[in-house]
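Structure, as structure tokens:
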Amino acid sequence: MKSNRWDDHYTEKARKEKWLARSVYKLQEIDRKFKLIRRNDTVLDLGCFPGSWSQYVIGKVGKGGNVVGIDLQKPKAFNPPNFTYMKADIETVDPEQLSARIEPRNLVLSDLAPPTTGIRDTDASRSLFLAERAAEIARMLLKPKGHFVCKIFEDEALKDFKKDLGPAFGQIRLFRPKATRKRSREVYLVATGFITR
Ligand SMILES: C[S@@+](CC[C@H](N)C(=O)[O-])C[C@H]1O[C@@H](n2cnc3c(N)ncnc32)[C@H](O)[C@@H]1O
């Protein structure tokens, strides 16, 4: 499918502003709306490649904070001292093992996206599976009052996912940033004020 002018606008803007990917504008909009990232925060970025979200977060947390990024692929040309890359498959990694290796986090981000097949139900169920894994990891690693942001496809199962997470957070909202590609069915779940560990 051909990209539209709005898609091109963000791609061009990211190139000019030296971001590693256009998806940075989605996180920027989420952060501006929900005020999630503060100086000195510790952040986990699930699905961090090619690195624009980690790049944005590092700029906001400053030298006193840090980011751990997990993906199957290592971000290239992005290696600030307070960024640690870990190679792992979120589908199979043991959340307990991760929590033994990573200090508690103020914020867990998941921009994880499965390779799409074009088959609606298959893509939605893979996206849901990754979102559920991300939520499991967030519950293990979040500090009290921490936040969780997670990409997920809009689908019937999203309601249950949101409901299941409900008791663990003060508030859960769904948000579709302007930089989302028009043809995409993705939405971001923004869960704030983690209650239990
Ligand atoms: C949309 S990209 C993330 C873009 C990133 N937020 C950025 O701004 O640069 C989605 C990422 O999820 C990763 N991913 C998908 N399935 C994964 C899995 N099972 N384990 C780890 N990473 C996975 C892909 O490798 C891909 O880099």
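The table below lists the values:
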read-out	value
Percent antiparallel among DSSP beta bridges (both partners in the chain, rounded to 5)	40
Solvent-free Debye scattering, log10 I(q)/I(0), computed from the Cα coordinates of the stretch 1-119 at q = 0.17, 0.20 Å⁻¹	-0.90, -1.18
In Hz, Karplus ³J(HN,Hα) per residue of the stretch 75-84 (6.51, -1.76, 1.60; θ = phi - 60°; x = Gly, Pro)	x, 8, 6, 9, 8, x, x, 9, 10, 10
Amide H contacts of G69 (H built 1.01 Å from N, under 5 Å, at least 5 apart or other chain)	D45, T84, Y85, M86
Per-residue ³J(HN,Hα) for the stretch 167-174, Karplus 6.51 cos²θ - 1.76 cosθ + 1.60, θ = phi - 60°, Hz, x for Gly and Pro	x, 8, 9, x, 8, 10, 10, 10
For the stretch 23-194, convex hull volume per residue from C-alpha positions, Å³	108
Sorted by Cβ neighbour density within 10 Å, fewest at the top, the residues D71, D8, D123	D8, D123, D71
Gap separating the Cα centres of the stretch 137-197 and the stretch 10-58, nearest whole Å	17
Förster radius 45 Å - calculated FRET efficiency between F129 and E17 (Cβ-Cβ, nearest 0.05)	0.85
Protection proxy ranking, peptides 93-100, 36-43, average beta carbon neighbours within 10 Å, highest first	36-43, 93-100
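Only the coordinates and a few stated rules stand behind these numbers; no lab work does. For clarity, every value in this text was computed on a predicted model and none was experimentally measured. Counting neighbours? That spans all protein chains shown, and the Cβs are built from the backbone with ideal geometry, glycine included.
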